[in-house]
Amino acid sequence: MSSHNHSPGSGGFHDAGSPHDLAPLYAVDALDPQERADFEQHLAGCAQCRAEVEDYSEVGASLAAGAAQEAPPELRTAVLSAISGTRPLPAEEVTSLQDRRRRRTRTVLAAAAAAVLVPGIALGGWALGVQSEQREQEQIAAAEQGRENRLLSAPDVTTRQLDVNGVPATLVVSRDADSALFVAGDLPDPGEGREYQLWLLEEETPIPNVRFDGGDDVRIWLSGNVTDAGAVAMTVEPEGGSETPTLPLLASAEL
């Protein structure tokens with residue numbers, strides 16, 4: 001960057017700091033309309049500010065090329081903070097105007113770059129979160145499919161057909177695998193404050209099992225001791241389930 005002199009009559013403004021400090025904000029279009037108009041009036045008579053605006057604009061354009069997006073609202077705050085945080089040099093330190101402008105440019109544009117890049121980092125973190133959630137869902141689906149495959153490939157696997165108020169359902173059972181899967185399609189909602197509940201019958205004693213709602217593709221794994229159960233029953237219960245079945249039974253099947 002080359003050194004530039006102030007135009008006559010502009011030194012007072014720069015001593016005060018205000019117009020000169022607006023150069024980086026003007027370059028990145030972060031001034032409000034009134035500030036912009038005032039600064040442009042000052043800019044017409046200040047060669048140094050024109051040079052600084054050109055310098056800031058050139059470097060800012062290279063930043064925008066690396067992260068093309070609208071400048072975020074935080075940009076103005078970041079630039080102002082960088083300006084106010086720049087420590088003035090002691091009077092006895094002789095520093096060229098070119099060196100001062102170079103340091104100032106690095107400080108302010110670092111703040112501008114941070115304001116542009118931080119939203120990108122946040123967006124990247126969000127994308128990673130979405131990818132992680134997607135992988136987790138894929139792993140769950142794969143585990144579910146593997147569980148179904150093991151049940152269907154069990155040597156003693158059998159199926160039982162159920163009629164749930166006119167809706168066909170299937171119970172897939174393997175005593176050797178101690179596993180049972182209830183499958184139904186288009187199962188109606190049991191009603192507000194109510195849910196379906198399955199029961200395992202052991203020596204004619206009903207043991208409460210899983211609870212669930214209706215849906216287009218219902219696939220429910222039974223828990224507990226499937227191996228020793230003699231039958232499965234299905235009821236509609238108050239939300240939260242019951243310890244004993246509410247009659248009448250919706251469906252039942254011997255195992």
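The values are calculated or read from the model by the stated rules, or taken from the named source; none is laboratory data. This one's a predicted model, so the numbers in the text were calculated from it and none came from an experiment. Every residue, glycine among them, receives a Cβ derived from its backbone with ideal geometry; neighbour counts consider all protein chains shown.
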Exercise. What strands (runs of 3 or more DSSP E), lying completely within region 174-236, carry at least 3 residues that are over 21 Å from Ala141 (Cα atoms) and in contact (Cβ under 8 Å) with a residue 60 or more places away in the chain?
Worked result: none
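Yes/no per residue for (1) more than 18 Å from Pro190 (Cβ to Cβ); (2) small (Gly, Ala, Ser):
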residue	(1), (2)
Glu204	yes, no
Asn209	no, no
Val218	no, no
Ser223	yes, yes
Ala229	yes, yes
Val236	no, no
Gly241	no, yes
Leu250	no, no
Exercise. Can you find even one residue in region 155-168 that is part of a loop (DSSP other than H, G, I, E, B), surrounded by 14 or more Cβ atoms within 10 Å (Cβ to Cβ) and modelled with pLDDT of 85 or more?
Worked result: yes
Exercise. If you go through region 158-172 one residue at a time, how many are within 18 Å of Gln197 (Cβ to Cβ) and more than 40 Å from the chain's Cα centre (by Cα)?
Worked result: 5
Problem set entry | Residue selected from region 177-194 under the condition more than 19 Å from Glu144 (Cα to Cα) and surrounded by fewer than 19 Cβ atoms within 10 Å (Cβ to Cβ), by the criterion modelled with the lowest pLDDT | Asp186
